[in-house]
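Report on one structure; see the data block that follows.
What follows is calculated from the coordinates using simple rules that are stated; it is not laboratory data. In this text, all values refer to a predicted model and were calculated from it rather than measured experimentally. All Cβ positions, even for glycine, are placed from backbone atoms using ideal geometry, and neighbour counts span all protein chains on display.
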Amino acid sequence: MVPRPGRLGAGAVGDLGREWQYAGHLSQLDEPGRYVVADVAGRDVLVLVGSDGDLRAFHNVCLHRAGPLVWDREGRCGNLVCRYHGWAYDLEGRLRSARDFGDVDGFDPEAFTLPRFGWRPGEAWCS
Ligand code: FES
């Protein structure tokens, strides 16, 4: 993949196509919980700094019934709590609580970890 000259590659989301996708600048992602949401091919991609400081990218979609995980285009959160029914994910995308599902036979929260996009954070560059 060859980035197109003149476009800022910082925070780019790769592996979604043949071109880099601009998600945000790394200065927006400078501490755990900071996030940006980018429109990539018509889908909201949430790029988030985990509690370990690593960047991760997820669909901005809850695994319960597809509510958005965050509503703002950028911000900071302690964890990801869906407003619809309260499912809560940690900053690494692991389901930590699923309201009303605690005692359901066979319900395994580990089966509901948010799938990650394969991506590479880009370097800031321009020409
Ligand atoms: S859609 Fe997210 S908790 Fe139900």
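Remark on ALA23: its backbone amide H falls under 5 Å from those of ALA12, VAL13, a criterion applied only to residues 5 or more positions apart or on other chains, H modelled at 1.01 Å from N.
Straightening the chain between HIS64 and ARG83 buys 5.7 nm, computed as 0.36 nm per residue apart minus the Cα-Cα spacing.
Descending by average beta-carbon neighbour count within 10 Å, the peptides 34-46, 64-76, 97-109 line up as 34-46, 64-76, 97-109, the highest first. Based on the convex hull around the alpha carbon atoms, segment 18-121 presents an average projected area of 6.8 nm².
The label-point distance for ALA111 and ASP72, in a model that sets each label 7 Å from Cα toward Cβ, rounds to 3.5 nm. For ASP90 and GLU19, a Förster radius of 30 Å and the Cβ-Cβ distance give a FRET efficiency of 0.45, rounded to the nearest 0.05.
Label-to-label distance, ASP30 versus ASP54, with points set 7 angstrom from Cα along the beta-carbon direction: 2.4 nm.
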